[in-house]
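Trainee: Below you will find the structure I want to go over with you.
The values are calculated or read from the model by the stated rules, or taken from the named source; none is laboratory data. Since the model is a prediction, treat every value here as computed from it, not as a measurement. Every residue, glycine among them, receives a Cβ derived from its backbone with ideal geometry; neighbour counts consider all protein chains shown. Note: accessible area is taken over every heavy atom of the protein model, side chains too, but ligands, DNA and RNA are not part of it. Shrake-Rupley method; radii C 1.70, N 1.55, O 1.52, S 1.80 Å.
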Amino acid sequence: MSKHKNSHHQRIGERFESFVAKHPIWNNPLFIACNNNKLSLEDYGFVISQHFYYSRGFTRLLSALMMQCDNDYYRAELSHNLWEEAGEEDQENCHSNLLRRMITNTFGLDNPDATEFRDYTVGYFNDCLDYLKNGDLIRAAAFLGWGTEGVVPRIYSHFFNGLTKLGVPEEELLYLSLHMECDDEHSEVIEAIALDACNDDTETHWLAIEEAIDHSLTLRDRYFRQLYEELEARQLKQLVKQVTNEKPYADLAQLNDLYANVANKQGVPLYKNDAQDQNVSFEVTRFKVASEVIDPRLLEIPVGKRNEKHRHAHESVFYVLSGSGIVHVDEQEIKVAAGDLAYVPRWYDHYTQNTGDTPLKVLALTDYGFTRCFAKNTERSYRQQPDNVAV
Ligand SMILES: [Fe+2]
Ligand SMILES: [Fe+2]
């Protein structure tokens, strides 16, 4: 869409795009959960059927911007965007209908319009509409251009990738893939409106544009956090139901994995690290048993080595199978040998050191099955190795 962009606009546009790229929204727990394959089809169904409220109303947001726009050329451009939103000649394929069909086909929710839209879902849309109606043209266009349309491809690709990994065929996800392709063009038109309205004096309006972009991204960040919090609550509810049911949640015969041999390491490798310069060397194996909350692991540390200092949401009870060493929890040192227990509370920095002359083997019983309901437990910041997840 070079017709909308001269090179001056392009240069300025890129500076705003890098402002967008640095926004905290990209650390939203909903995206982290999508990337870590933590969401089920039902979770996506909830998120996307709530998002339908926004999608169904989107042409109202475009129209609000159009109302602010005194340049008839740009109003014609915006009508073009509206025309695409409306499915062009084929109203059946208007974008809101594409999403209706996706919600019905992929998630089996028959009447998306009858969704119980949350107050925060309606509130998010109304906040956007109010801003576009009441802001000046530059702010409104920045809000809807860089701050909204410009980020749609990146946001939808999180959902698209997560859903295809769950086995949903790409043709069912037309609503998402279409916007991953066309919203860049839509945002260029709107960004050109903002830049033109600055009359080549972008410096004066710089702050206003950044504030508008930030406002849009912050509203959406908050909204997606609210959606994610509800997903967390749903997972916990499920767990609470199983606890309060007063009867087993599944037939024993249907529960595989009632047995694993620790000595033979009948589990799956979870993580390991060798950083000889820091004396770090260890390996963790997770045992796949049919437990809901308790997640048992084997930690092995060679003679003279330690694991990294780290912390996480789950608590652990260590049972030393063989060898001896020191469990460092915060400033405390717990000396342990075969047969001893040590307790590591949640979120305390800790590491374990093999001080004996045989390999140190520790069975760690964690409550990760509980803490994994929370996004914080999937953040990648608690180990020295940035690629390791704090599991
Ligand atoms: Fe659309
Ligand atoms: Fe740990």
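Trainee: Under the classification rounded if a/c is under 1.5, otherwise prolate if a/b is larger than b/c and oblate if not, where does the range 164-273 fall, given a ≥ b ≥ c as square roots of the Cα gyration tensor eigenvalues?
Mentor: prolate
Trainee: With r as the distance between the Cβ atoms of residue 113 and residue 11 and R0 = 45 Å, compute the FRET efficiency 1/(1 + (r/R0)^6) and round to 0.05.
Mentor: With R0 = 45 Å, the Cβ-Cβ based efficiency is 0.55.
Trainee: Grab the alpha carbons of the chain, take their convex hull, and tell me the volume per residue in Å³.
Mentor: Looking at the chain, the number lands at 184 Å³ per residue.
Trainee: Using the eigenvalues of the Cα gyration tensor, what equivalent ellipsoid semi-axes result for the range 268-378 when each is taken as the square root of five times the eigenvalue, whole Å, largest first?
Mentor: For the range 268-378, the ellipsoid semi-axes come out as 22, 15, 14 Å.
Trainee: Excluding ligands, DNA and RNA, what is the solvent-accessible area per residue of the chain at a probe of 1.4 Å, expressed in Å²?
Mentor: Per-residue accessible area for the chain comes out at 50 Å².
Trainee: Restricting things to alpha carbons, tell me how big the range 209-252 is in terms of Rg and Dmax, in Å.
Mentor: 18.6, 60
Trainee: Given 37 °C and 0.692 mPa s, compute D for the range 119-216 with the Stokes-Einstein relation, Rh being the Kirkwood radius over Cα pairs; round to the nearest whole µm²/s.
Mentor: 224
Trainee: Out of the DSSP beta bridges found with both residues in the chain, what percent are antiparallel (nearest 5)?
Mentor: Just about 100 percent of them are antiparallel.
Trainee: For the range 2-243, which whole percent of the accessible surface, found with a 1.4 angstrom probe, sits on carbon and sulfur atoms?
Mentor: About 47 percent, which is the carbon plus sulfur part of the accessible surface.
Trainee: Also: With the crude spin-label approximation of a point 7 Å out along Cα→Cβ, what separation in nm comes out for residue 278 versus residue 337?
Mentor: Distance between the two pseudo-spin positions: 3.0 nm.
Trainee: Another one. What does the charge dipole of the range 268-378 about its Cα centre add up to, to the nearest 20 debye, if the Cβ of each Lys and Arg holds +1 and the Cβ of each Asp and Glu holds -1?
Mentor: Using Cβ point charges on Lys, Arg, Asp and Glu, the range 268-378 gives about 300 debye.
Trainee: Quote to one decimal, in nm, the extra length available between residue 261 and residue 185 on full extension: 0.36 nm per residue of separation minus the C-alpha distance between them.
Mentor: Result: 21.6 nm gained on full extension.
Trainee: Mind giving me the FRET efficiency for residue 27 and residue 293? R0 is 30 Å, r the Cβ-Cβ distance, nearest 0.05 is fine.
Mentor: 0.65
Trainee: For the range 82-154, what D do you get in µm² per second when you plug the Kirkwood radius from alpha-carbon pairs into Stokes-Einstein at 4 °C and 1.567 mPa s?
Mentor: 90
Trainee: I'd like the distance between the alpha-carbon centres of the range 88-114 and the range 40-75, rounded to an integer number of Å.
Mentor: So the separation of the two Cα centres works out to 14 Å.
Trainee: Treating only the Cβ atoms of Lys and Arg (+1) and Asp and Glu (-1) as charged, compute the dipole magnitude of the range 129-255 about its Cα centre; round to the nearest 20 debye.
Mentor: 1100
Trainee: What's the center-to-center distance, using Cα atoms, between the range 144-220 and the range 284-344 in Å?
Mentor: Spelled out, the Cα-based centre of one part sits 46 Å from the other.
Trainee: Something else now. Could you sort out which of 22/272; 309/335; 38/237 sit more than 28 Å apart by Cα distance in this structure?
Mentor: The pairs that break the limit, which is 28 Å between Cα atoms, are 22/272.
Trainee: Points 7 angstrom from Cα along the Cβ direction at residue 133 and residue 60: gap in nanometres?
Mentor: According to this spin-label approximation, the distance is 0.8 nm.
Trainee: What FRET efficiency do you get for residue 253 and residue 232 if R0 is 41 Å and r is their Cβ-Cβ distance, rounded to the nearest 0.05?
Mentor: For residue 253 and residue 232, the calculated efficiency is 0.85.
Trainee: Expected output is a single nm value to one decimal: the length gained when fully extending between residue 122 and residue 79, i.e. 0.36 nm times separation in residues minus the C-alpha distance. What is it?
Mentor: Result for the pair: 13.0 nm of gain on full extension.
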